[in-house]
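Asks: Quick one: the structure is below, and I'll ask about it shortly.
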Amino acid sequence: MDSTSDRIKKRRTELGLTLDDVAEALGVNKSTVLRYETKEIEKLPINVIDPLSKILKVSREYLMGWDQNSDTNIYSSSGVDFIRVPLYAPLCCGSGLFVDDQIEQMVAVPSDGLHRSSNDYFAQTASGDSMIDAGIYPGDLLIFEKNPDLVDGMIGCFCVDENEAVCKKFKRSHDGLIILQPANSKYDPIVITPDSHFVCVGRLRKSIRSFNWD
């Protein structure tokens, strides 16, 4: 199967473009484009995907090798409106920011209840059973809105210290402490102390059940 680097080089050649042509259009050095084509840069920065797709006159799904058929066809054949949002690997919590090379694919999700641009949302796959009493099971697709403002009772995606992002219920105690509450009595809440590095990455807007019977 062709890699992203193979598709970039193949398509550039098909269009008769030189490395200099692509570099100038992207606003980068020729050596950078060459690294895209030789796998020295394994994953394209997300801010390069769209402009490079336009330069090479292909879809970003084709360029990145993202499967856009199965989920898209299901919604299209059912007459369900949908948007495509980035599915991220587990977020690194050092900064609570999205890292370009952590995007795994673009996934189609029903747009009902999602009123903004697809750029306002991101997806992650639920892991563990700490939120099962809230109806969130391992493997479910969680759609978050990029919004740092939560009120008591909302479920969100949070970064705490240097750990991976967690999905928990937001709660503020009477003394002002923030508590991340699991929805499973087997687990203790996470108390955010004054010396914790804490970032609210987004609020949960939609959960799509994964029926994995393995």
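The values are calculated or read from the model by the stated rules, or taken from the named source; none is laboratory data. None of these values were measured; they are calculated from a predicted model. Neighbour counts are summed over all protein chains in view; Cβ atoms, including those assigned to glycine, are modelled from backbone coordinates with ideal geometry.
Asks: Quick check: is even one residue across the stretch 191-204 among the aromatic types (F, W, Y) and within 15 Å of S127 (Cα to Cα)?
Replies: no
Asks: Taking the conditions exactly as written (of a type in the set (D, E, K, R) and at pLDDT 85 or above), does D101 satisfy them or not?
Replies: no
Asks: Among the residues of the stretch 140-156, what is the count of those that are closer than 24 Å to D81 by Cβ and in a loop (DSSP other than H, G, I, E, B)?
Replies: Matching residues across the stretch 140-156 total 3.
Asks: Something else about it: Could you run through the stretch 66-93 and say how many residues are out of contact with any helix residue (DSSP H, G or I) (no Cβ under 6 Å at 6 or more places or on another chain) and at pLDDT below 80?
Replies: Number of matching residues: 18.
Asks: Is the stretch 181-193 home to any residue that is under 19 Å from L87 (Cβ atoms), touching a residue at least 40 places away in the same chain (Cβ under 8 Å) and surrounded by 18 or more Cβ atoms within 10 Å (Cβ to Cβ)?
Replies: Looking through the stretch 181-193, none of the residues is under 19 Å from L87 (Cβ atoms), touching a residue at least 40 places away in the same chain (Cβ under 8 Å) and surrounded by 18 or more Cβ atoms within 10 Å (Cβ to Cβ).
Asks: Look through the stretch 49-65, keep the residues that are modelled with pLDDT of 80 or more and surrounded by fewer than 16 Cβ atoms within 10 Å (Cβ to Cβ), and return whichever of them is nearest to P86 (Cα to Cα).
Replies: Looking at the filtered set, the residue picked out is D50.
Asks: Residue pairs, Cβ under 6 Å, 6 or more apart or interchain, first in the stretch 34-61 and small (G, A, S), second part of a helix (DSSP H, G or I). List them.
Replies: Taking only residues 6 or more apart or on different chains, the pairs are S53/R60; S53/L63.
Here's the yes/no breakdown for (1) touching a Leu at 6+ places or on another chain (Cβ under 7 Å); (2) not in a loop (DSSP other than H, G, I, E, B):
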| position | (1), (2) |
| --- | --- |
| F158 | yes, yes |
| E162 | no, no |
| C167 | yes, yes |
| H174 | no, no |
| L180 | no, yes |
| Y187 | no, no |
| V201 | yes, yes |
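Asks: Just to check your reading of the model, which residue among I143, I136 is under 23 Å from G65 (Cα atoms) and either touching a residue at least 60 places away in the same chain (Cβ under 8 Å) or assigned by TED's automatic domain parsing to the domain that holds L44 (or both)?
Replies: Exactly one of I143, I136 is under 23 Å from G65 (Cα atoms) and either touching a residue at least 60 places away in the same chain (Cβ under 8 Å) or assigned by TED's automatic domain parsing to the domain that holds L44 (or both), namely I143.
To keep it simple, each residue is scored yes or no on (1) within 20 Å of the chain's Cα centre (by Cα); (2) at positive phi; (3) of a type in the set (S, T, Y).
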position: G135; (1), (2), (3): no, yes, no
position: E145; (1), (2), (3): yes, no, no
position: C157; (1), (2), (3): yes, no, no
position: E162; (1), (2), (3): yes, no, no
position: I178; (1), (2), (3): no, no, no
position: I190; (1), (2), (3): no, no, no
